[in-house]
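I am attaching a structure below and will ask some questions about it afterwards.
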Amino acid sequence: MEFHTQVSAGPAQQNPEKVKKLVVLTARVHPGESPASFICQGVIDFLVSQHPVAQTLRDHVIFKIVPMLNPDGVYLGNYRCSLMGFDLNRHWQEPSPWAHPTLHAVKQLIVQLSQDPVGLEFYIDVHAHSTMMNGFMYGNVFEEEERVQRQAVFPRLLCQNAPDFSFSNTSFNRDVVKAGTGRRFLGGLLDDTSYCYTLEVSFYSYMAAGSTSPVPYTEDTYMKLGRNVARTFLDYYRHNNFIDDNKLQISNHINSMEVLSQGRQGNGNGNGRTSGSERRAERKNQSITGEY
Ligand SMILES: [Zn+2]
């Protein structure tokens, strides 16, 4: 059963020797969290578009995307569990091929990818949150300060790109209750050059920069966050010099990108880049109530 989506095209396909990075994204392990599907849709729409940022990413990065980890739960209209009543996001440690078949298959794929010479660098699992506002991330806790700092780079970059993403709501934890989640389990499995996150987005609204009232999320703004997640990989790989600015035919274009508010009905080139004056209002003093 081939249910994962690989987005990989462009000149690098003709040159298999070229080193690429590998990113795995999963969504909808909790079937009631439909905003996760719109984010995933935004990521995919952007990556397969003709936008120059997407073309550059495809030349340098392989994206493996599993848009729906719990299709039977979604079909049944369950909020959190699979057909058999399991919260799949607590079974990453020992998924059973008969009780948690999608999780078992995806875990096997990720373990296999982690042994690939290309190297799995990012794992992001997309969820929606019923009490918090904005988009934000959960990450893992490490002893080495240097690794902690490295892990913070991607959410910081995403915070610069997405007006609804909050770095101050982003947190790093090792709660026992989260031990069976994808983010926690794979954080322990993958080597120290890999990064595992849960990406959460509010079910209802975000605080935009300079505003005192919350902005309700829509399907389009969820997809826009997905596009911003996708394009943040370019910033990340430019930041660490994996993608050389000299090889970019598009650097001027990247720096001049503006917010595109249209959704899928747009031209397929949406990117959602914000200007410096549009940084999101950080929601401070909000307690993290948990990962859904
Ligand atoms: Zn969830």
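The values are calculated or read from the model by the stated rules, or taken from the named source; none is laboratory data. Being a predicted model, the structure only gives us computed values, none of them experimental. Every residue, glycine as well, gets a Cβ built from its backbone with ideal geometry; the counts of neighbours run over all protein chains shown. For the accessible areas, the whole protein counts, side chains as well, though only heavy atoms, and no ligand, DNA or RNA atoms are used. Shrake-Rupley method; radii C 1.70, N 1.55, O 1.52, S 1.80 Å.
What is the residue count in region 192-214 for residues that are closer than 20 Å to TYR138 by Cβ, out of contact with any Lys or Arg (no Cβ under 9 Å at 6 or more places or on another chain) and part of a loop (DSSP other than H, G, I, E, B)?
So the count comes out to 3.
Hey, does region 128-147 have a residue that's among the β-branched types (Val, Ile, Thr), within 16 Å of the ligand (Cβ to nearest atom), open to solvent by less than 20 Å² (accessible area, probe 1.4 Å) and in contact with a Ser or Thr (Cβ under 7 Å, 6 or more places away or on another chain)?
No, there is no match, as no residue in region 128-147 is among the β-branched types (Val, Ile, Thr), within 16 Å of the ligand (Cβ to nearest atom), open to solvent by less than 20 Å² (accessible area, probe 1.4 Å) and in contact with a Ser or Thr (Cβ under 7 Å, 6 or more places away or on another chain).
Here is a further query. Quick one: in region 102-127, of everything that is part of a helix (DSSP H, G or I) and within 16 Å of the ligand (Cβ to nearest atom), which residue is surrounded by the fewest Cβ atoms within 10 Å (Cβ to Cβ)?
Here the answer is THR102.
Residues being of a type outside the set (A, V, I, L, M, F, W, C), within 16 Å of PHE233 (Cβ to Cβ) and open to solvent by 10 Å² or more (accessible area, probe 1.4 Å): count how many of those fall in region 152-193.
3
Listed here are the residues, each with its yes/no results for (1) closer than 18 Å to LEU69 by Cβ; (2) modelled with pLDDT of 60 or more; (3) in contact with a Gly (Cβ under 6 Å, 6 or more places away or on another chain).
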{"position": "HIS4", "(1), (2), (3)": "yes, no, no"}
{"position": "LYS21", "(1), (2), (3)": "no, yes, no"}
{"position": "VAL29", "(1), (2), (3)": "yes, yes, no"}
{"position": "PHE38", "(1), (2), (3)": "yes, yes, no"}
{"position": "GLY42", "(1), (2), (3)": "yes, yes, yes"}
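Another question, if that's okay. Which numbered condition in (1) under 17 Å from TYR197 (Cα atoms); (2) of a type in the set (D, E, K, R); (3) more than 16 Å from the ligand (Cβ to nearest atom) is the only one that ARG90 fails?
(3) is the only condition that ARG90 fails.
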